[in-house]
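K.L.:
I have a structure I would like to understand better, so I am pasting it below and will then ask my questions one at a time.
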Amino acid sequence: MLVTRRQFLVLSSIWSRLAAAPPRPPRKECFFGIHLDLHPSDRDRALGRDLSEEMVERLLERVRPDFVQYDCKGHVGFLGYPSQVSRSAPIVQDSLAIWRKVTARHGVALYIHFSGVWDSLAVREHPEWARRRPDGKPDDRQTSTFGPYVDARMIPQLKEAIARYDLDGAWVDGECWATNPDYGKAVARLFRQATGIGKLPKGPADRGWLQFLELNREQFRRYVRHYVEEIHAFRPGFQIASNWLYSTYVPERPDLPVDFISGDYLGNACISAARLEARYIAQNGKPWDLMAWGFQSARGNPVGPLHKPAVQLCQEAAVVLAQGGGFQIYYQPTRAGRIDDRHIEVMARVARFCRARQSLAHQSETVPQIGLLFSTTSLYTTSKKLFGGWGSAAHPARGLLDALIENQYSVDVIPEWKLQDCAARYPLIVVPDWPNLGAPVRDLLVDYLRRGGNLLVAGAENASLFASVLGVRLVGKPTDQQAFIPAEEVFANVRGLWQDVQPTGATPIEMRYPTYDSAGEAKTAATLARADQGRILGFYGPLGSDFAATHAPALREVVRRLVRRLFTPMVAVEGPPTVEVVLRRKGGLLLVHLINATGMQVAADYAAIDFVPAVGPLHVAMRLPAPPRKVRLEPEGLILAGSWEGGLWKTEIPRLHLHEILTVEL
């Protein structure tokens, strides 16, 4: 496609203004951003029509983002700008040119949303580029990471856009989560060479299944490394993220040369998802952010998407900021490119909320308290998927994390690959009810235990794995059982896979009943034992999985009783279970984040919230080596008085609205 005179004049104007433009921040310095995508298609008839410099100016002046991510290519595969490389969607006005012109004038970085593996147009035009399904037919969405697509189309598209618009980076979508096992002839040949197996396996019962999955995973890694290195060589300083790479979706050591980590969370109970992802990604040591959808997709809602009020987005943002990350919001403009002033005002309110906490929250470091183990081995050996989202397969971790948070414990998520390096820093490590933790990880945890660590191990499968240190004899094999554990008010229903045990050296600490009758015959639900210098608590049923399914208060109480056997927190907060506590450090300060998750959105038929009631009073007790010099409640700047006795500094916070931070000078 030839460049028209009008397009040439627009591009010339961009380049002339760039010379005098203020510097734009690299991603490692970015904190708040806006993501805008449309997934352009050949059905569009108004792309860019209603976009104006004045509208972009208004948004940037009101919201003041560090970066904007604007659409370049969506999953459909059509480019959103006039291209000479491949097909563009019908374009009325070049939106990227306008966004580049105005963002450059304001010193705001401009990234593109760009769909990678998922390119429906590419596989329609070139079926030979498609991933092959198990039946041998070409996929109508996914390109093959084994094929020529990345060099023939993807990299040329990126290079063209970078050169034309002087872009700062790319947020590459449709990647790990859109990648499935490839049954193409080239894959079959490579698999046969690697394993000697002539037929590609189609399920866990087939020979070579795990090797087949790993062959596909390794090719995805090669694909990402290849395009990232090619683009870095073409434009040094250009910054790239592959959506959800090195999150729980791809729980691996971050060895590929991506510049930052990012992912967009959506659906119901977004706060629960953000809690897990933020804590996992924060462990990677790379710049990172999470993207909240500015509208609730509310799957299952017959009405359709509903835009989130500012208070809902602020509540979600608090969960991410408390872990030291950046935050961005995703909106879809109209097909003509217009963004309504109402949405701009919501963005501005959320931005002000985040900025008020930036100096304390951004790039802070954890204060290790409880570490929750996230198992790569279990997911990679028991799921049929290459990568996440894992759905219910990740529920052991998500549920147990929620239960610990609702008991006001400060919790980090420990990636399996990082366990050996950081285990000793944690007073307590909690192992969710993963079905296949693996012997190497077990050995690391037993070593931690014997050196004086405290270990809480959940799950029927883990009982046999840790049998040598649990102090119990296994009775039979795990079976699906009804289980009711008495709580203070009602029973905790913990139905699922249980391992019957007979304590030998361990002490039974929780009993379970086959029905809600505590006068009936009981079985051991949990035990406590010593192993050299450490202590191990075994819970022999589906602790995390069941809490993820129900979030039942009685089961939360059981979790609290278990943890109290092993761990005393540095900071204890008395308040409702909707108060989240996060301990961090920055600039010599101890930071105690307090987040009010009351009323968080959880269901499709209650899709949005516009009111979060304040909670309080909250009673806070800190175990410190000496009385603090000063304690402030931020961002208000209120100096708090307190009492000191027996190594405890105590204070009261009358009310918690959304997110406040105790800053403690020691």
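K.L.:
Out of segment 301-340, which residues are touching a helix residue (DSSP H, G or I) at 6+ places or on another chain (Cβ under 7 Å), in a helix (DSSP H, G or I) and more than 22 Å from I261 (Cα to Cα)?
P.N.:
A310
K.L.:
With respect to W390, determine if the residue is of a type outside the set (V, I, T), in contact with a Lys or Arg (Cβ under 7 Å, 6 or more places away or on another chain) and within 30 Å of A205 (Cβ to Cβ).
P.N.:
Taking the combined requirement at face value, the residue does not satisfy it.
K.L.:
Would you mind finding the one in G642, G646, G637 that is more than 23 Å from P577 (Cβ to Cβ) and at pLDDT below 95?
P.N.:
From the options G642, G646, G637, the qualifying one is G646.
K.L.:
Something else about it: I'd like to check something: does segment 344-354 contain any residue that is farther than 26 Å from H39 by Cβ and either without any contact (Cβ under 8 Å) to a residue 24 or more places away in the chain or of a type in the set (A, V, I, L, M) (or both)?
P.N.:
Checking segment 344-354: at least one residue is farther than 26 Å from H39 by Cβ and either without any contact (Cβ under 8 Å) to a residue 24 or more places away in the chain or of a type in the set (A, V, I, L, M) (or both).
K.L.:
Taking only pairs six or more apart or across chains, which ones have beta-carbon atoms under 7 Å, a first residue in segment 71-82 that is on the phi > 0 side of the Ramachandran plot, and a second residue that is modelled with pLDDT of 95 or more and not aromatic (F, W, Y)?
P.N.:
The qualifying pairs are G77/D119; G77/S120; G77/L121; G77/A122.
K.L.:
Scan Y246, Y265 and give me the residue that is without any contact (Cβ under 8 Å) to a residue 60 or more places away in the chain and outside the structural domain of P156 (by TED's automatic domain parsing).
P.N.:
After ruling out the rest, the residue left standing is Y265.
K.L.:
Considering each residue of segment 470-504, count those that are more than 33 Å from the chain's Cα centre (by Cα) and outside any loop (DSSP other than H, G, I, E, B), and give that number.
P.N.:
Residues meeting the conditions: 11.
K.L.:
Pull up segment 244-283, narrow it to residues that are in a strand (DSSP E or B) and surrounded by 21 or more Cβ atoms within 10 Å (Cβ to Cβ), then point me to the one that is modelled with the lowest pLDDT.
P.N.:
Y265
K.L.:
Looking for whichever is over 30 Å from Y149 (Cβ atoms), at pLDDT 95 or above and surrounded by fewer than 20 Cβ atoms within 10 Å (Cβ to Cβ) here; the options are P25, P90. Which one fits?
P.N.:
P25
K.L.:
Which of the residues that make up segment 507-527 are more than 15 Å from V494 (Cα to Cα) and under 33 Å from the mean Cα position of the chain (by Cα)?
P.N.:
Matches in segment 507-527: T527 only.
K.L.:
Check V224 against each of (1) in contact (Cβ under 8 Å) with a residue 24 or more places away in the chain; (2) more than 18 Å from G388 (Cβ to Cβ); (3) part of a helix (DSSP H, G or I) and name the one condition it does not meet.
P.N.:
V224 satisfies all of (1) in contact (Cβ under 8 Å) with a residue 24 or more places away in the chain; (2) more than 18 Å from G388 (Cβ to Cβ); (3) part of a helix (DSSP H, G or I) except (2).
K.L.:
If only one of F220, F212, F234, F295 is more than 26 Å from D421 (Cα to Cα) and in contact with a His (Cβ under 9 Å, 6 or more places away or on another chain), which one is it?
P.N.:
Within the list F220, F212, F234, F295, the selection yields F295.
Residues checked against (1) farther than 30 Å from G453 by Cβ; (2) surrounded by 17 or more Cβ atoms within 10 Å (Cβ to Cβ):
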| position | (1), (2) |
| --- | --- |
| R584 | no, yes |
| D605 | yes, no |
| A614 | yes, no |
| P625 | no, no |
| V631 | yes, yes |
| S643 | yes, no |
| H657 | yes, no |
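K.L.:
Can I ask one more? With respect to T515, is the statement that it is of a type outside the set (F, W, Y), modelled with pLDDT of 95 or more and in a strand (DSSP E or B) true?
P.N.:
No, not satisfied.
K.L.:
While we're on this one: Quick check on Y227: is it over 27 Å from S378 (Cβ atoms), of a type in the set (S, T, Y), surrounded by 14 or more Cβ atoms within 10 Å (Cβ to Cβ) and assigned by TED's automatic domain parsing to the domain that holds D166?
P.N.:
The answer is yes for Y227.
K.L.:
Among the residues of segment 385-398, is any touching an Asp or Glu at 6+ places or on another chain (Cβ under 6 Å), over 30 Å from T663 (Cα atoms) and crowded, with 24+ Cβ neighbours inside 10 Å?
P.N.:
Taking every residue of segment 385-398 in turn, at least one turns out to be touching an Asp or Glu at 6+ places or on another chain (Cβ under 6 Å), over 30 Å from T663 (Cα atoms) and crowded, with 24+ Cβ neighbours inside 10 Å.
K.L.:
Further question on the same structure: Among the residues of segment 96-116, is any modelled with pLDDT of 95 or more, surrounded by fewer than 23 Cβ atoms within 10 Å (Cβ to Cβ), over 25 Å from F32 (Cβ atoms) and under 31 Å from the mean Cα position of the chain (by Cα)?
P.N.:
Checked segment 96-116: no residue is modelled with pLDDT of 95 or more, surrounded by fewer than 23 Cβ atoms within 10 Å (Cβ to Cβ), over 25 Å from F32 (Cβ atoms) and under 31 Å from the mean Cα position of the chain (by Cα).
K.L.:
So, one more: Find the helices (runs of 4 or more DSSP H) located wholly in segment 31-148 whose residues include 2 or more that are in contact with a Phe, Trp or Tyr (Cβ under 8 Å, 6 or more places away or on another chain) and farther than 25 Å from A351 by Cβ, and list them.
P.N.:
Helices (runs of 4 or more DSSP H) meeting the threshold: 120-125.
K.L.:
Checking T179 against (1) buried (at least 22 other Cβ atoms within 10 Å of the Cβ); (2) over 30 Å from G33 (Cβ atoms); (3) in contact (Cβ under 8 Å) with a residue 40 or more places away in the chain, only one condition comes out false. Which one?
P.N.:
All conditions are met except number (2).
The values are calculated or read from the model by the stated rules, or taken from the named source; none is laboratory data. In this text the structure is predicted, and so the values were computed from the model without any measurement. Neighbour counts run over all protein chains shown; Cβ positions are idealised from the backbone, glycine included.
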